[in-house]
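J.: Let me begin by handing over the structure; questions about it come next.
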Amino acid sequence: MICLFTVCTLLVACGGPAGKQVYPEDLAGKKALLKEKRQEVKELQDLVAQLEGEIEELSPATEKARRLVTSTKVSRQDFSHFVEIQGSVQADDLIAATSEVGGRIIQLNVKEGQFVKKGQLVAKLDLEQLNKQIAEIEKSLELANTVYERQKRLWDQNIGSEIQYLEAKNGKERLEKSLETLRFQLEKANVYSPASGIVEMVITQSGEITAPGAPIFQILNTSQLKVVASVPETYLTAVNMGERITIKFPALATEQTAKVNLIGRQIDPANRTFAVEAAINNANGVIKPNLLAIVLIKDYAADNEVVVPIETVQQEVSGKDYVYIKGSDQDGDFAKKVYVDMGRSYQGNVVIKNGLEGGEELILEGARGLVENDLIRVQNIQKEANNG
């Protein structure tokens, strides 16, 4: 609008003397007039450009074009770097359910993947042979009781020999003990779960014969789990017994801290790693064996470092890294380029070794489109960089 208004004004001012301007009728006159006006237009355009520059220089700083940016105060803080190692969840307690006596399994109350409680009836054995033995002994015991009672009555009347009385008594008591033993063994026909957990594998099916002490199935105790990771040998000094580490479970979108309770005593020559184990909490039973786990091991830590978002660091074609901070002069705020040396980075933050001291106003949003000394307007100033 300023340019158009200025051109119009100058055209009126340069229109010539008062009165009607003579307009040529012939071709030569028209060409001469066109050349003259073109020269006037060029002179006016040069004058407009000159006036615009002078106006820009004389205008207040607030009227000049400014880039909208956001900034934050650069702070010093403690910085930690973690290495992420892939591990897996393993069960530390695999228990076999067995029978104390041998026999054919006539009833199996579990299947793989089923949860069982400690003391739950899980199987029954066919001990028909024991039942027959018990019946035989019970018959023998009836006769032994009769013989004993008669010998006792005779002995009480001082009739017969003492040895006959003692033999009858011993025979009765021996059969009673045998009957007690067989009945105790008969109780072993019922197999109960030795622990609570998940049935991992059924080894002996219903209808098959099992031997005393032979596993019928295996129980995985999922209340006691651990995370096992193979850590590269370069981090051998970064892991200590009893140290608390962070473990993430990507599939569950959860994490927890655990204490290192085992560090391998040797390096695996195949992959140059050592084992690290940590017991984890599985009170709700959500974590399953063989679940993927990410173990975070701290391999670097420093105090009072200048830390900024890594996305604010830019790079020149020459390879030099730099950031923009807010500068101020008589024209107001402007973008100031500062060359920096970067250190360790982690989770979007980077340590600045040289270039920043802390306390500067670091430009965040809008920094990518800036040129050094561009005038800026800060929309909002956060309290400090990298609160997280």
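J.: Being on the phi > 0 side of the Ramachandran plot and either under 33 Å from the mean Cα position of the chain (by Cα) or in contact (Cβ under 8 Å) with a residue 24 or more places away in the chain (or both) is the filter here; which residues of the stretch 300-330 pass it?
T.: Selection gives N304 alone.
J.: I've got another one for you. Given the conditions (1) loosely packed, with under 15 Cβ neighbours inside 10 Å; (2) in contact with an Asp or Glu (Cβ under 6 Å, 6 or more places away or on another chain); (3) not assigned by TED's automatic domain parsing to the domain that holds P232, and given that L262 satisfies all but one, which numbered condition is not satisfied?
T.: Result: L262 fails condition (3) only.
J.: While we're on this one: If I filter the stretch 69-79 for residues that are more than 30 Å from F274 (Cβ to Cβ), among the charged types (D, E, K, R) and assigned to a loop (DSSP other than H, G, I, E, B), do I get at least one hit?
T.: Checking the stretch 69-79: not a single residue is more than 30 Å from F274 (Cβ to Cβ), among the charged types (D, E, K, R) and assigned to a loop (DSSP other than H, G, I, E, B).
J.: Then there's this: Here are the criteria: (1) out of contact with any Ser or Thr (no Cβ under 7 Å at 6 or more places or on another chain); (2) not in a loop (DSSP other than H, G, I, E, B). Tell me which single one L296 does not satisfy.
T.: In the conditions (1) out of contact with any Ser or Thr (no Cβ under 7 Å at 6 or more places or on another chain); (2) not in a loop (DSSP other than H, G, I, E, B), L296 misses (1) alone.
J.: Given the conditions (1) closer than 30 Å to A96 by Cβ; (2) loosely packed, with under 13 Cβ neighbours inside 10 Å, report the number of the one that Q218 does not fulfil.
T.: Going through (1) closer than 30 Å to A96 by Cβ; (2) loosely packed, with under 13 Cβ neighbours inside 10 Å one by one, Q218 breaks only (2).
J.: While we're looking at this one, here's another question. Test L292 against the stated conditions and say whether it is within 22 Å of I376 (Cβ to Cβ) and of a type in the set (A, V, I, L, M).
T.: no
J.: So, one more: Can you give me the number of residues within the stretch 111-121 that are among the β-branched types (V, I, T) and at pLDDT below 85?
T.: Selection size over the stretch 111-121: 0.
J.: Hey, another quick one. With a cut-off of at least 2 residues that are of a type outside the set (G, A, S) and within 19 Å of K124 (Cβ to Cβ), name the strands (runs of 3 or more DSSP E) lying wholly within the stretch 192-232.
T.: Here the list reads 197-202, 215-220.
J.: What number of residues within the stretch 274-297 are at pLDDT below 90 and either in contact with a helix residue (DSSP H, G or I) (Cβ under 9 Å, 6 or more places away or on another chain) or at positive phi (or both)?
T.: The total comes to 2.
Each row is one residue, and each column tells you yes or no for (1) touching a Ser or Thr at 6+ places or on another chain (Cβ under 8 Å); (2) at pLDDT below 85.
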{"position": "L179", "(1), (2)": "no, yes"}
{"position": "K188", "(1), (2)": "yes, yes"}
{"position": "A195", "(1), (2)": "no, yes"}
{"position": "I198", "(1), (2)": "yes, yes"}
{"position": "I209", "(1), (2)": "no, yes"}
{"position": "Q224", "(1), (2)": "no, yes"}
{"position": "S230", "(1), (2)": "yes, no"}
{"position": "E233", "(1), (2)": "yes, no"}
{"position": "N240", "(1), (2)": "no, no"}
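J.: Residue check: is L236 outside any loop (DSSP other than H, G, I, E, B), free of Cβ contacts under 8 Å to residues at least 60 places away in the same chain and either crowded, with 19+ Cβ neighbours inside 10 Å or in contact with a strand residue (DSSP E or B) (Cβ under 6 Å, 6 or more places away or on another chain) (or both)?
T.: Against the criterion (outside any loop (DSSP other than H, G, I, E, B), free of Cβ contacts under 8 Å to residues at least 60 places away in the same chain and either crowded, with 19+ Cβ neighbours inside 10 Å or in contact with a strand residue (DSSP E or B) (Cβ under 6 Å, 6 or more places away or on another chain) (or both)), L236 does not qualify.
J.: Consider T146 carefully, then state whether it is assigned to a helix (DSSP H, G or I), within 30 Å of I85 (Cα to Cα) and free of Cβ contacts under 8 Å to residues at least 12 places away in the same chain.
T.: no
The values are calculated or read from the model by the stated rules, or taken from the named source; none is laboratory data. Here the structure is a predicted model, which is why all the values come from computation and not from measurement. No Cβ is skipped: glycine too gets one built from the backbone with ideal geometry, and neighbour counts run over all protein chains shown.
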